[in-house]
Amino acid sequence: MMKFYITTPLYYVNGNPHIGHSYTNIACDALARYRRFRGDEVLFTTGTDEHGQKIKEAADAKGMEPSKFVDNVVPRFKALWKKLNISYDDFIRTTEKRHGEVVKKLLEMFYKNGDLYEGEYSGWYCTPCESFWTGTQLVDGNCPDCKRPVEHIKEKNFFFRISKYQKWLIDYIDSHEDFILPKIRRNEVLSFLKMPLNDLCISRPRNRLSWGIDIPFSKDHVTYVWFDALINYITVCGYGYDPAKFKKFWPADVHMIGKDILRMHAINWPIMLHAAGLEPPRRIFAHGWWKMGGAKMSKSKGNIIDPVEMVDRFGVDAYRFFLLREVPFGVDGSFSEEALISRINSDLANDLGNLLHRTLSMIDKYFSGKVPKRRSLKYVDEVTRNLVDKAKGLGPEITSAMDRINFSQAIAAIWVLVNTANKFIEQKAPWRLSKENKTQELQDMMYDLYEVLRIVSVSLWPFLPMTSEEMTRQLGLGETKKRSPKDLSWGLAKSGTKINKGKPLFPRIES
Ligand code: MSP
């Protein structure tokens, strides 16, 4: 049994969760479910990033204590993950005691080792991004990332000697080709590393911002929010308090992030780990953004898509399907209701829904709702051979796509089988076989269609868990037990199984 440790970023709790947050969690969920299906022991973690200036300002705006404010927002994230069927194993809040202790332990270690020093910070700060910038990095005087105004700061702080480890990091990235994915992001990091790194400011003076983790060796400072938040990835798998768990799960197999937080994850974090004598994560995958009319969605632009509304209107699996299928993972996508409705109508209602409904209707009509017996596979024509081969090849295709974290390709492979089966029905014309009393041929073909649907239901599990379960129910396969790649083998369907034809999986949406 292999272990597989996958993490999402910790989401800022200054507002409600939006489509961008749901995207990362749905992607991680699909990968976590897929690895469990393969038999791995999975640790899948998510959580919330609750310190820092941005959260303090959001709490102030509501006239609330930050701790009360965050306690109010966190349940909204948890409720969304439940609604989206996110199967995380642990949810970490950076305000938890277990986390504060690990952060302090690391700070003390770095301080003792001489990796931290006190100095004066003079530069610019972007609160929405919680990022420090130098004057030369600003674009037209604004934050180079979000283009919003920055404020000038001059104050005593602690710095982490990140520059000391720059050469180590470059060598590490050079010798680990899949460490940062996709390639374009790896190149972006390497080109950034051509310039000398500025040491990292890791504290905030308490008299200006007290909403952070105490710094054990300075009562005048608290920890900078990003320095605290990255450490969650080792806290949540046991660092410092559960050595057996930590040994089993660290290093993380995938840190899934959006491309806007690449530098923090691919530069600062591996260096922090290296300085602490720990291994870097195995892989950092930075996905693209969902945009609306060409612009990144953000609260300030007011072009946010509310995942709760989408799920209530279109259903959880339709929403999951759209996000995972519409664009190759890694590139930007453009969100629109028209595109979502078109995917639902074509791929889900037409292709998949129809295949299930037609097949079960025919099994009802021709064989009183029982899966018929098939002759041996010696009796196949070319059309059937093509269908069976595609079904047999699906498992390896999904493995190859998922090993490259390519959800859209894995799903596309399932749809090749679905569409081959739809074509198979047209080519074999079962209504004619019935009319001509070719009963054995009709039995064979209904068995084959049923078997394709069973295999599709198994392979959909990581992506569309509810649909997979509903198909299993309609196929008469009872309770969903733990599935494994063995369930993708051809010929496991038992003749005589009583089907339970139900409502169409995805009704067409009239726009
Ligand atoms: N708190 C930090 C992460 C700390 S991880 C130790 C943070 N939080 S965030 O809430 O602002 O964003 C979390 C994630 O959501 C990021 O990976 C970001 O890329 C992603 N998204 C936010 N908006 C997005 C889109 N419009 N589209 C896709 N993902 C985007 O950053």
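Please treat every number below as a calculation from the coordinates, not as lab data. Keep in mind it's a predicted model, so treat the numbers as computed, not measured. Every residue, glycine among them, receives a Cβ derived from its backbone with ideal geometry; neighbour counts consider all protein chains shown.
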In sequence order, what are the phi-derived ³J(HN,Hα) couplings for segment 180-197 according to the Karplus relation 6.51 cos²θ - 1.76 cosθ + 1.60 with θ = phi - 60°, rounded to whole Hz, with x for glycine and proline?
10, 10, x, 3, 4, 6, 4, 5, 4, 5, 4, 6, 5, 6, 6, 8, x, 7
What Cys residues in the chain have no fellow cysteine's beta-carbon under 4.7 angstrom?
Cys28, Cys146, Cys201, Cys237
Report the FRET efficiency, 1/(1 + (r/R0)^6), for Lys62 and Asn419, where r is their Cβ-Cβ distance and R0 is 41 Å, rounded to 0.05.
0.20
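Determine, for each peptide in 431-441, 348-358, the mean count of other beta carbons within 10 angstrom over its residues, then list the peptides with the highest first. The partial results should precede the final answer.
Numbers: 431-441: 13.2, 348-358: 20.2.
Highest to lowest by the protection proxy: 348-358, 431-441.
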Members of Lys164/Lys194; Lys370/Lys392; Lys62/Lys219 lying beyond 26 Å, as alpha-carbon distances in this model show:
Lys62/Lys219
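What order do you get for Ser484, Ser191 when you list them from fewest to most C-beta neighbours inside 10 Å? Don't jump to the answer; show the numbers that get you there.
On the way: Ser484 12, Ser191 9.
Result, fewest neighbours first: Ser191, Ser484.
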All-pairs Cα distance distribution in segment 72-176, expressed in whole percent, bin size 10 Å
11, 21, 33, 29, 6
Extension gain (nm, one decimal) between Lys147 and Ser191, 0.36 nm per residue minus Cα-Cα:
13.7 nm
At R0 = 56 Å the Cβ-Cβ FRET efficiency linking Lys156 and Ser489, nearest 0.05, sits at 0.25
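What do you get for Rg/Rh over segment 336-488 if you use C-alpha atoms and the Kirkwood form of Rh?
Rg divided by Rh gives 0.97.
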Could you list Lys378, Lys3 so that the one with the fewest beta carbons within 10 Å of its beta carbon is first and the one with the most is last?
Lys378, Lys3
Considering only DSSP beta bridges whose two residues both sit in the chain, what percent are antiparallel, to the nearest 5?
50 percent
Output wanted: per-residue J couplings in Hz (rounded whole) for segment 366-381, from phi through Karplus 6.51 cos²θ - 1.76 cosθ + 1.60, θ = phi - 60°, x for Gly and Pro.
8, 10, 6, x, 10, 5, x, 8, 10, 6, 5, 6, 5, 8, 10, 8
At Glu338 and Arg98, where each label point lies 7 Å from the Cα along Cα→Cβ, what is the point-to-point distance in nanometres?
4.8 nm
Dipole magnitude of the chain, debye to nearest 20 (Cβ charges: Lys/Arg +1, Asp/Glu -1, about Cα centre)
1460 debye
Relative pair counts by distance (%), Cα atoms of the chain, 20 Å bins
21, 48, 23, 7, 0
Order these peptides, 457-465, 323-331, 175-183, by their mean beta-carbon neighbour count within 10 angstrom, highest first.
457-465, 323-331, 175-183
Any residue on another chain or 5+ positions along whose placed amide H is under 5 Å from the amide H of Glu41 is listed here as Met2, Lys3, Phe4
Once amide H atoms are built 1.01 Å from N in the peptide plane, which residues 5 or more positions from Gly476, or in another chain, come under 5 Å H to H?
Asn500
Signed unit charges on C-beta, dipole axis of segment 336-488, positive-most listed residue Leu475, Phe407, Val418
Leu475
³J(HN,Hα) across segment 20-34 via Karplus (A = 6.51, B = -1.76, C = 1.60, θ = phi - 60°), whole Hz, x for Gly/Pro?
x, 4, 5, 4, 4, 5, 5, 4, 5, 5, 4, 5, 5, 4, 4
Could you tell me the calculated FRET efficiency between Tyr117 and Glu177, based on Cβ-Cβ distance and R0 = 30 angstrom, to the nearest 0.05?
0.30
Give me, ordered by chain and number, the residues 5 or more places off Lys156 or on other chains with an amide H under 5 Å from its own placed amide H.
Tyr121
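At 222 nm, what helix-only mean residue ellipticity would the chain give, in deg cm²/dmol to the nearest 500, using -39500 (n - 2.57) for each DSSP H run of four or more? Present the calculation step by step, with values, prior to reporting the outcome.
Numbers: 19 runs with 229 residues, N = 511.
Per the formula, -14000 deg cm²/dmol.
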Enter the Cα centre distance for the pair segment 299-325 and segment 438-511, rounded to the nearest angstrom.
27 Å
